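The structure appears below as structure tokens.
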Amino acid sequence: MATALEIVEVPAYVSDDEVDPNAIVDNGNQKRMKKRQRNWVEEKVFNNTEEAEEVVIKENQWSYHYTNTTAAGKKKFFRCNKVKARGKQCDAGIYLLFDSTNDKIFLFRATSDHTHDSTQEKPSRIPNEVKIVIQELYELKLKPKAIIEVLHERRITPPNISQLNNFLRTIKNTKLGPTSISLGEIEQWCLESSQSIPESIDTPFVASYQIIYDDDNENDDVDDDDVNENKFRFFITTKRLLQIASRSKRIHADATYKLLWQGFPVLIVGTTDLDRHFHAFGMSVCSNETTHDFRFLFRGLQEGVQKLNLEEINPEFLIADGADAIRNAFRDVFGEKPMIMCWAHMRRKVMKKIESMVNKSEQEDLINDIESLQLAQNERIFLKASNLFVKKWVKRQPSFIEYFQNEWLTTHNEWYEGVGHFTPSTNNGLEATNNVIKKENTLRERLPLSRFKVLAFEIVEKWSKSYERSLKQYSDKQTISLELWTSGYQWVKLNKSILSFSTECDNLVQYYIPAGDGTKITNVDIDVMKKMKWYSFDQYKNKAFNIWCVTLPTDKLKWLDGVCNCPAFFKKFMCKHVVGLSIRLNYCKPPPAAKNIPIGEKRRRGRPTKSKKALLVQ
């Protein structure tokens, strides 16, 4: 038989922190906190304010607290900075009394001792000796977290992250100036920086600048597109960089972003030497990235060379991406010259189109064919091979071929290797310089224009001084590395058959050599190569790279001027065929170190492997 359930009500929850409503509340007035009483003793007398405040600063333990005006004069109180500003203060203290009856200043000190524990209380300010270390680490381009780690390693008590950020902000304000700047201030700065050329060849200066106001209609040099718009352009360089510019025959140009907080582009111009090293001429900051801005960049480069009475720049090639602004500006300043389309930029754009327009089963074959087409050795071969390429793929991928013909065989068709000898096919050297600026100079932080112009001077000066310290040099001749000497020497030992033909110029001789593992060639093979007897793109891939043609001068001392049509020569400006053939003809001798490598064994990259432990077979 079921029993009846007893229902019991659960009492409400009462927190220990809550006040019992039934408790008796004392409504009496609370006692006011007892005011701190301190005894003050006069310590020193000063004749002026500077002397008094200098004594306070030297003690390095007082911070301004408050000022009180009394009948005796104004009292300026200082508190102990070993404790935080908010919270219980230390009983010790000092104050300066500015006597109202005369010009004397009296220093009073409290008789109470310091009441804070130095091991528990953290100072509210960074000690001066720690500030010096932090400033040194900041000059080394270290970020806040890295600075704190270094302070820990040196057994220095680091400040908290907010203190450190505030101090770094103070350093930036002192070094780089305020964050805001007006168009008039930019013009004043450019005027002061361009008035005279510095005596030091590594000191940067503004070689050219242009400031356009929206109401400036009297300047005849202003382009139509610049009217009624506020614009600025300035170009920074040094005497040493301009000297290198006057010797160069190839020009690289590009714009980079993500350096300035306002989003303005930074234009870089430079060249490549025969060791494939990039050399910057200077840096330009503009309000836009149009034809007028790049025209200003190239003209500013010319004006800088003319100011130094150097040889006028007459480049043979422009290496850039497909931006029409760069190409049109280059043509306006330097005339009709070959313009090389950067192969790296072209390949990235084509890859995106292939991924979106071509079936996955054919993407790899199409990419391989485009890469083979890029290795074309001259314009005749490129035109013939491109026609065979279109013929092969037009029925299989008509939409892609239409895009490829319009963009890369008509508009921008200078992306193959054989456009010019001793000319890079990519703009990678300049792109790497852009990356260094972001990684090492700005620490990947976007700076306001007012601060970036100061940093731009430092960057350009660093570029220029790298030549003084022998960290960099401009090479007019190719440097043959030990690896290349070794490859050339090993190639000579293969004793391949070589056929020579005299050219129309008596000072040059052409040598035809078999490529790859081949050891012999015939006149028929040479005839097929010369007359381009290819009837399909696959035949081009199989037969166009079977024979290499090396052209050497008859003068033995000028063998470094030799050229070859192999891909390695186009990419590195020197190859084992030129070196090996010069060794075989006794034009030069390899260094002994190149002969120490066993024949048939390839020199491996990287450091040698370490010896294994004992009792293990290696």
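The values are calculated or read from the model by the stated rules, or taken from the named source; none is laboratory data. Fair warning: this is a prediction, and the values are worked out from it, not measured in the lab. Cβ: placed from backbone, ideal geometry, glycine included. Neighbour counts: every protein chain shown. These area figures cover heavy atoms from the full protein model, side chains too; ligands, DNA and RNA do not enter into them. Shrake-Rupley method; radii C 1.70, N 1.55, O 1.52, S 1.80 Å.
Looking at the structure I just gave you, is N507 surrounded by fewer than 16 Cβ atoms within 10 Å (Cβ to Cβ) and under 27 Å from S372 (Cα atoms)?
No.
With the checklist (1) open to solvent by less than 30 Å² (accessible area, probe 1.4 Å); (2) closer than 29 Å to R247 by Cβ; (3) touching a residue at least 60 places away in the same chain (Cβ under 8 Å) in hand, flag the one item K465 doesn't pass.
Evaluating K465 over (1) open to solvent by less than 30 Å² (accessible area, probe 1.4 Å); (2) closer than 29 Å to R247 by Cβ; (3) touching a residue at least 60 places away in the same chain (Cβ under 8 Å) leaves (1) as the failure.
Any chance you could count how many residues in region 235-268 are without any contact (Cβ under 8 Å) to a residue 24 or more places away in the chain and on the phi > 0 side of the Ramachandran plot?
Number of matching residues: 1.
In this structure, does N328 turn out to be polar (S, T, N, Q), under 34 Å from the mean Cα position of the chain (by Cα), part of a helix (DSSP H, G or I) and outside the structural domain of F569 (by the TED database)?
Values: polar (S, T, N, Q): yes; under 34 Å from the mean Cα position of the chain (by Cα): yes; part of a helix (DSSP H, G or I): yes; outside the structural domain of F569 (by the TED database): yes.
So N328 fits the description; yes.
Pick out the one residue from I354, I370, I319 that is in the same structural domain as K249 (by the TED database) and β-branched (V, I, T).
Checking each option against the conditions leaves just I319.
Anything in region 48-107 that is charged (D, E, K, R), under 17 Å from R36 (Cα atoms) and in a loop (DSSP other than H, G, I, E, B)? List them, or say none. Break it down into steps so the answer makes sense when it comes.
Taking region 48-107 first, the residues charged (D, E, K, R) are 50-51, 53-54, 58-59, 74-76, 79, 82, 84, 86, 88, 91, 99, 103-104.
Pick out the ones that are also under 17 Å from R36 (Cα atoms) and you get 79, 86, 88, 91.
Answer for region 48-107, where residues must be charged (D, E, K, R), under 17 Å from R36 (Cα atoms) and in a loop (DSSP other than H, G, I, E, B): R86, K88, D91.
Name the residue that is surrounded by the fewest Cβ atoms within 10 Å (Cβ to Cβ), counting only residues in region 553-583 that are in contact (Cβ under 8 Å) with a residue 12 or more places away in the chain and of a type in the set (K, R).
Among residues in region 553-583 that are in contact (Cβ under 8 Å) with a residue 12 or more places away in the chain and of a type in the set (K, R), the one surrounded by the fewest Cβ atoms within 10 Å (Cβ to Cβ) is K556.
Could you check region 496-525 and list, in sequence order, the residues that are in contact (Cβ under 8 Å) with a residue 12 or more places away in the chain and under 14 Å from F545 (Cβ atoms)?
Within region 496-525, the subset in contact (Cβ under 8 Å) with a residue 12 or more places away in the chain is 496-500, 503, 506-516, 518-521, 523, 525.
Y512, I513, P514, A515, G516, G518, I521, D525 - these are the residues of region 496-525 that are in contact (Cβ under 8 Å) with a residue 12 or more places away in the chain and under 14 Å from F545 (Cβ atoms).
Take G488 and tell me if it is out of contact with any strand residue (DSSP E or B) (no Cβ under 7 Å at 6 or more places or on another chain) and either in a strand (DSSP E or B) or modelled with pLDDT under 90 (or both).
no
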